[in-house]
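Down below is the structure, laid out as structure tokens.
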Amino acid sequence: MAQKRIGNFSIKFQNPPTILSTAAIAGTKEAEGRLGSYYDQTLRDERYGEDSWEKAESKMQKETLMTAVSKGGISLNDLDYIFAGDLLNQCAGSHYGMRETSRPFLGLYGACSTMAESMTLGAMIVDGGYADHAACITSSHFCGAEKQYRYPLEYGGQRPPTAQWTVTGSGCAILAASGEGPYITGVTVGRIVDMGITDANNMGAAMAPAAYDTINNHLADHNIAPDYYDLILTGDLAQIGSEIVRDMFHKDGIELAEHYADCGNMVFYQKEQDVHAGASGCGCSAVVFCAYIMDKLKKGELNKVLFVGTGALMNPGSLTQGESIPSIAHAVSIERSLA
């Protein structure tokens with residue numbers, strides 16, 4: 001019997017894992033953005049001293065992992081599992097970044113929901129008694145993502161107002177079976193939602209219904225209202241998608257108000273940095289959570305956060321074949337202390 005299941009979609013942990021440490025590395029454009037002072041490291045150039053953008057992304061993942069391990073006061077050998085993923089084909093950024101760790105590895109693809117997905121699975125495995133420590137890590141790189149999903153940078157294609165800017169960055173969270181918090185008290189696993197949107201330059205609109213669905217399922221499973229949390233944080237819907245989420249809840253008679261924010265609106269100065277609708281990419285929610293949100297949790301400025309990672313589950317081939325964009329969202333409930 002599944003004793004930890006709550007409702008249809010959620011899990012409440014009996015032994016809530018603690019977030020032992022986090023680390024975030026971000027790119028040059030991100031360093032000039034709203035959260036520049038919160039990152040552990042920022043790049044001097046987009047190649048990070050490597051000879052390709054893809055190698056730079058793998059190096060970011062490796063360095064972010066090692067920084068988080070060091071901040072947690074443990075060694076690499078203390079990690080029982082590594083959960084990692086990215087946007088590159090076959091998750092190559094993670095595979096090459098983690099190949100020298102010699103630790104048990106599970107590669108993930110949840111598109112931009114990968115940070116929340118990795119924390120979901122990492123928390124399950126720690127709460128279940130299968131691990132004392134698990135690393136949850138993801139990344140994205142603007143140049144690599146543009147080359148793969150849209151056009152080579154040299155093409156100079158015009159970006160529509162709905163387009164988002166893929167974050168160059170990596171975030172890592174180390175989960176532990178014991179510690180002083182913050183704690184992951186539960187998770188809500190999302191289901192695939194597809195509203196028929198086919199525009200790859202309007203990811204926020206494609207992913208918003210999945211975020212709405214998962215948040216609704218979480219609140220219903222736990223029989224709580226949005227104001228239970230100091231912050232419900234989605235990522236990365238950006239300006240358009242986050243407005244859709246607010247509107248969907250408004251039609252239900254629920255005002256999210258100051259209890260809601262989106263990572264896609266937090267990384268950059270949107271107008272000044274010309275990022276159109278805002279930020280996106282696996283690295284978007286990863287760097288916002290691992291750098292900024294964790295800082296607020298540790299300082300007591302936030303006590304309860306619902307972290308909802310969102311992802312568009314498509315590939316370049318599916319779009320050229322006329323397919324729509326299926327999306328997903330996973331929610332991670334984080335509390336500064338256990339009552």
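Values in this text are rule-based calculations from the coordinates and carry no lab data. All figures in this text were calculated on a predicted structure; none of them were measured in a lab. Glycine gets a Cβ as well: all are built from the backbone with ideal geometry, and neighbour counts include every protein chain shown.
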Requested in this report: List the residues of the range 304-339 whose backbone N lies under 19 Å from a point placed 7 Å from the Cα of Asp247 along the Cα-to-Cβ direction.
Outcome: 325, 327
Report task. Please count, across the range 5-176, the pairs of lysine residues with Cα atoms under 24 Å apart that sit 8 or more places apart or on different chains. Result -> 9
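Largest first and in whole Å, give the semi-axes of the range 1-103's equivalent ellipsoid, each being the square root of 5 times a Cα gyration tensor eigenvalue. Walk me through the numbers on the way to the answer.
On the way: eigenvalues 174, 59, 50 Å².
So the three semi-axes of the range 1-103 are 29, 17, 16 Å.
Work out which helices of the chain, taken as complete DSSP H runs, extend at least 18 Å along their axis over the Cα atoms and score a mean Kyte-Doolittle of 0.5 or more, then list them. The partial results should precede the final answer.
Working: long enough: 53-71 (27 Å, -0.95); 114-127 (19 Å, 0.87); 203-222 (29 Å, -0.07); 238-251 (20 Å, -0.26).
Both cut-offs are met by 114-127.
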Query raised in the report: Going through the range 268-333, which chymotrypsin sites (Phe, Trp or Tyr not before Pro) have at most 16 other Cβ atoms within 10 Å and a DSSP loop state?
Result: Tyr269
Report summary line: With the charge dipole of the chain built from beta-carbon charges (+1 for Lys and Arg, -1 for Asp and Glu) about the Cα centre, the Cα from Phe9, Gly181, Met203 projecting farthest to the positive end belongs to Gly181
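With a cap of 16 neighbouring Cβ atoms within 10 Å, and only residues DSSP puts in a loop, list the trypsin sites (Lys or Arg not before Pro) found in the range 167-261. List each step's numbers first, then the result.
Numbers: sites: Arg191, Arg246, Lys251; in loops: Arg191.
For trypsin sites (Lys or Arg not before Pro) across the range 167-261 that sit outside H, G, I, E and B with at most 16 neighbouring Cβ atoms in 10 Å, the list reads Arg191.
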Report summary line: If Asp45, Asp295 are placed from fewest to most neighbouring beta carbons inside 10 Å, the sequence is Asp45, Asp295
Query raised in the report: In whole angstrom, how far apart do the alpha carbon centroids of the range 218-251 and the range 195-216 sit?
Result: 13 Å
Query raised in the report: Want the number for Asn8 to Glu255: 0.36 nm per residue separation, take away the alpha-carbon distance, what's left?
Result: 86.5 nm
Query raised in the report: In the range 249-339, what GluC sites (Glu not before Pro) fall in a loop by DSSP, with at most 14 other Cβ atoms inside 10 Å?
Result: Glu255, Glu272, Glu301, Glu323
Query raised in the report: Taking the simple approach of a point 7 Å from Cα along Cα-to-Cβ for both Thr28 and Asp295, what is their distance in nm?
Result: 2.3 nm
Query raised in the report: At 222 nm, what helix-only mean residue ellipticity would the chain give, in deg cm²/dmol to the nearest 500, using -39500 (n - 2.57) for each DSSP H run of four or more?
Result: -9000 deg cm²/dmol
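Taking the DSSP beta bridges in the range 5-176 as the whole, what percent of them are antiparallel, to the nearest 5?
Numbers: 18 of 29 bridges.
About 60 percent, rounded to the nearest 5.
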